[in-house]
Amino acid sequence: MGKYLKTADSGWYRQRLTGVVLCIVAVFVVLIARLFYLQIIEGEEFRRLSENNCIRLQSIEPSRGLIYDRNGILIVDNCPFFDLTVILKDARPIEHTIEKLFQYINIPASDLMRKIKRNKGISFYTPVVLKRDIGRDALAVIEAHKFDLSGVGVKVRPRRHYINRRSAAHLIGYLGEINSNELKSGKYSGCRAGDFIGKFGVERAYEDFLRGKHGGRQVEVNATGQVVRILETVEAQAGHNIFLTIDQPLQQKAEELLEGVAGAVAVMDPTTGDILAMASSPSFDQNAFVKGMSHEEWNSLISNPFRPMENKAVQGEYPPASTYKIITVIAGIEEGVIDENTTFYCPGHYKYGDRKFRCWKRTGHGSVNVIRALAESCDVFFYQVGQKLGVDRLAWYAKACGLGSPTGINLDNEASGLIPTAAWKNRYTGVAWQKGETLSIAIGQGYNLVTPIQMLVLISAVANNGEIYTPSIIKKIETAEGKLVYDVNNSRENRKLAGRLPASRQTLELVKKGLWEVVNKRHGTANIAHVDGIDISGKTGTVQLVSRKTNDNTYEEDRAPHLKAHAWFVAYAPSDEPKIAVVVIVEHGEHGSSAAAPIARELIKTYLGGTL
Amino acid sequence: MFDRRLLEHFDWALLGVTFLLGCFGLIILYSAVTAGVPTPQKVLCIKQVVWYCVGLCAMVISFLFNYRMLDRWAHVIYAICIFLLIAVFFFGNYVGGARRWLILGPVSIQPSEIVKIAVIIILARYYSKLANVRGLVLRELIHPFILTIIPFVLILRQPDLGTALMVVLIAGSMTIFVKIEKRSLAYIIAFCTGSIPLVLYCLKGYQKQRILTFLNPDRDPLGAGYHIIQSKIAVGSGMISGKGFLKGTQNALSFLPEQHTDFIFSVLSEEWGFLGSLIILMLFLMLIIIGLNIAYKCREPFGTILSMGITVMISWQVFINIGMVIGLMPVVGVPLPFISYGGSSILTIMICIGILMNISMRRFIAE
């Protein structure tokens, strides 16, 4: 190395620098030659194109993916509508144009000026939307007077149309104009101000599939902004079409049945986890969101005490009440606390410490075994099972059965519910767990909170002998040309098995026998749901909103409406080979048996009516 | 202690050209952020002036000490810069889909700009000790290759293709300058050409599309292709003498926000025409010639290679940026030195000028 180093001296470097200089000068010559070509040889032509900025981009809106039900019934469509726009740079003087617009289509000038002022910051060449959805009559007038209205244009946009007003509104969701935060977030690539994006439900969760891709056109315009020549076109790409798992006739039946009450219904195929229907009442009109809603309309929606904007099936949290007894039975048998022959005596109440815990049936059930306890929902039986188990063992079973955490359905703000443990209470309230509280937990009252969808997954798992499915709402996704992109049946991962119930086959058989008797025995709490020809199994629940004190002699029926109990019913049918699982909750519906069970019965009849 | 020769050999011509480019830069920037824009952002001009002041201080600092210190400290400087790049990776500010900026109190800096100097310094150190008339053989090139590939990958991941390519171009030019041994060069060329089909084979469809669009912007008429058309219209419409200061109209079109950063040359050409563009080009050429002359006059290898590396960096930025604006080069984000808006870019170029002055002043001082 050393002997070479001396030879790479300054003289040698100087020689190499000459080459560098030559290269650099050559590049500068190329740059100057190119500038000469652009500015002097082609200068005239470019000067012409630069006047009035002749070359412009126009965007082409993609058509959003359509939404179908599981059998291909179209439920969400797009209709064309027309936006009146103006390009400020072309519409000069702007006052003149606005006055003309007032003459032709009668829009007050002050409104238009306000719209223009609001868009002060944006480029003079970006079209400003003056009025959305002007209708075909106004469109004809504008087209006829096109040459009198320089800078004014009409933009055709596909608008979302929800075919069945209010139907499955919470599941499908709605669109809204993209806001500045969403634009900045970077999550909506390819979107610009004024675009509509999914804000709720499937429309939001599957936004990336549905949206499609903007296209555009490079055009040359003349001095009044009219297109003279189209230079380049990139077609918009339509969004993917989505087939939901819901069965539209069943969905509509569910909504009819919920008419007039606040509550939710969800229906699942227990063999697959497909959601067949999901209704939350009261509902809202999705089309109103797309058209743009007034302040008053919006306020009345969000201040409505029955919370129409909430999807009660996945966002509503309620104490599970007696439907929780399924968990208590599973825990009791699996832990060896009871078996099928264990009986307890129910005198109508259970004394624990210095408190008397009452059974819902004041006269008592007498001696009951586990099957009868489920069938007749004997509280005293479960008080004793719960007491033997303790709160933490109960909580472990509840969580293993999928309660207390989101099911993983891909919908907005799914609530997780709450399964209390002794440690939890200590952490959150600072007070130690009282043994008596365990008794309330065992019958699903107390701190327990579940969502209807969790209960649906649970009852489905009981029905299918223990498989806990993640509920799926999408059956398949296809491109606009019909190429399959996603199919829930296609691969094993798509059908997500979230786990198994922590219960043996024998335990589940016992539970199922109890649930069968609920509906099919004369003393069963949901005998009302019995239908000749269809074997239904289920469990009622009644959520006490006023605690059942020992000396409280008032009856549910006499309470003020907002203090009346919530009614639950979870069910599946046919009992031996289940094809449908249903959860119903009716807020302030009083009794699970009277308010919720008939709804489930009608749904099962509707669904199985066709297949039996 | 103060050596009078330092002052005698101060490079006034370099200072003069720098001053002129800085002034023109501010004038053009003012036009770019005000003329025909619905919301003028004059505050950017003020920020740029502040950055020039900071840059001036950095320049003075860069010529006060003996540049041979850089030889000794090369590894430390390199390590700090790489550390900053890694910091960007974790704490960088996320803007428009890329992580490029580090927020340090009131200012945000772009370490990828400064890292270019560190690469030049460390390569100058390495080559000054190794170079010989036979040329470098493959084994000797492994070290510089690693030194280059680290910042390249880090910058590419930000992602900032333009700056990443700059690092490779600078390192490549410096390596060719100190000469690669003939057979080694043949191997390298053979390997590169041989691996092209393999890389193309491995790339996914959309990546291939992106490369094709990069090489030919017309494939993307709504994005890069549209920018290029508008940029060409702006440049061409300037004709001989331009439309006049603040009279540009293409500004108003929607190829914001690049018009005050990467596409600023189009504003210059539109408003000042062929003559204005020629003046700026000549100033850049003068700057480059002065830089190469410093390399020429310097009598020890480290100074020669260092000044050559800095000059070559400025040249590449000028070529790529202007080439892009006038439709000769693909669209990549490379700022035009002195003129494009951007604090880190100004700071970097001023440090470079300072180092050039440093080398020029101390050419008579022996180690």
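Out of (1) assigned to a helix (DSSP H, G or I); (2) in contact (Cβ under 8 Å) with a residue 40 or more places away in the chain, the odd one out for B:Phe245 is which?
(1)
If you take the residues of region A:235-264 that are of a type outside the set (A, V, I, L, M, F, W, C) and within 14 Å of another protein chain (Cβ to nearest Cβ), which of them is least open to solvent (accessible area, probe 1.4 Å)?
A:Gln237
Tell me yes or no: at least one residue of region A:77-85 is part of a helix (DSSP H, G or I), crowded, with 16+ Cβ neighbours inside 10 Å and of a type outside the set (A, V, I, L, M).
No - not one qualifying residue is present in region A:77-85.
Could you tell me whether B:Thr163 is polar (S, T, N, Q), assigned to a helix (DSSP H, G or I) and open to solvent by 20 Å² or more (accessible area, probe 1.4 Å)?
Criteria not met by B:Thr163.
If you go through region B:312-336, how many residues are within 8 Å of chain A (Cβ to nearest Cβ), closer than 17 Å to B:Gly291 by Cβ and among the β-branched types (Val, Ile, Thr)?
Summing the residues that are within 8 Å of chain A (Cβ to nearest Cβ), closer than 17 Å to B:Gly291 by Cβ and among the β-branched types (Val, Ile, Thr) in region B:312-336 gives 1.
Please give the strands (runs of 3 or more DSSP E) falling wholly within region A:313-375 in which 1 or more residues are of a type in the set (D, E, K, R) and buried (at least 16 other Cβ atoms within 10 Å of the Cβ).
A:355-358
Would you mind finding the one in A:His161, A:His145, A:His170 that is touching a strand residue (DSSP E or B) at 6+ places or on another chain (Cβ under 6 Å) and open to solvent by 30 Å² or more (accessible area, probe 1.4 Å)?
That would be A:His161, the only listed residue that is touching a strand residue (DSSP E or B) at 6+ places or on another chain (Cβ under 6 Å) and open to solvent by 30 Å² or more (accessible area, probe 1.4 Å).
Given the criterion assigned to a helix (DSSP H, G or I), open to solvent by 10 Å² or more (accessible area, probe 1.4 Å) and more than 8 Å from every other protein chain (Cβ to nearest Cβ), identify the matching residue among B:Leu275, B:Leu306.
Going through B:Leu275, B:Leu306 in turn, the sole match is B:Leu275.
Go through region B:229-241 and count every residue that is more than 9 Å from chain A (Cβ to nearest Cβ) and either open to solvent by 10 Å² or more (accessible area, probe 1.4 Å) or free of Cβ contacts under 8 Å to residues at least 60 places away in the same chain (or both).
Of the residues in that region, 1 qualify.
Which of the residues spanning region A:194-210 are free of Cβ contacts under 8 Å to residues at least 60 places away in the same chain and open to solvent by 80 Å² or more (accessible area, probe 1.4 Å)?
Scanning region A:194-210 gives a single hit, A:Asp208.
Residues checked against (1) of a type in the set (A, V, I, L, M); (2) under 25 Å from A:Arg70 (Cβ atoms); (3) in contact with a helix residue (DSSP H, G or I) (Cβ under 9 Å, 6 or more places away or on another chain):
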| site | (1), (2), (3) |
| --- | --- |
| A:Ser167 | no, yes, yes |
| A:Leu171 | yes, yes, yes |
| A:Lys184 | no, no, no |
| A:Gly201 | no, yes, yes |
| A:Gly216 | no, no, yes |
| A:Ala223 | yes, no, yes |
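Quick check on A:Glu232: is it surrounded by fewer than 20 Cβ atoms within 10 Å (Cβ to Cβ), free of Cβ contacts under 8 Å to residues at least 40 places away in the same chain and more than 14 Å from chain B (Cβ to nearest Cβ)?
No: the conditions fail for A:Glu232.
So that you can scan it fast, the table gives a plain yes or no per residue for (1) of a type outside the set (Ser, Thr, Tyr); (2) more than 8 Å from chain B (Cβ to nearest Cβ); (3) over 44 Å from the mean Cα position of the chain (by Cα):
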site	(1), (2), (3)
A:Leu38	yes, no, yes
A:Ile41	yes, yes, yes
A:Asn52	yes, yes, yes
A:Gln58	yes, yes, no
A:Arg70	yes, yes, no
A:Cys79	yes, yes, no
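Condition first: surrounded by 15 or more Cβ atoms within 10 Å (Cβ to Cβ) and assigned to a loop (DSSP other than H, G, I, E, B). Now tell me which residues in region B:80-132 satisfy that.
B:Gly92, B:Gln110, B:Ala131, B:Asn132
Among what's in region A:52-75 and is closer than 24 Å to A:Gly201 by Cβ and in contact with a Gly (Cβ under 9 Å, 6 or more places away or on another chain), pick the residue that is surrounded by the fewest Cβ atoms within 10 Å (Cβ to Cβ).
A:Ser63
The values are calculated or read from the model by the stated rules, or taken from the named source; none is laboratory data. On a predicted model such as this, the values are computed, not experimentally measured, just so you know. Positions of Cβ are generated from backbone atoms using ideal geometry, with glycine treated the same way; all protein chains shown enter the neighbour counts. We work out accessible area using only protein heavy atoms, side chains counted, and drop any ligands, DNA or RNA first. Shrake-Rupley method; radii C 1.70, N 1.55, O 1.52, S 1.80 Å.
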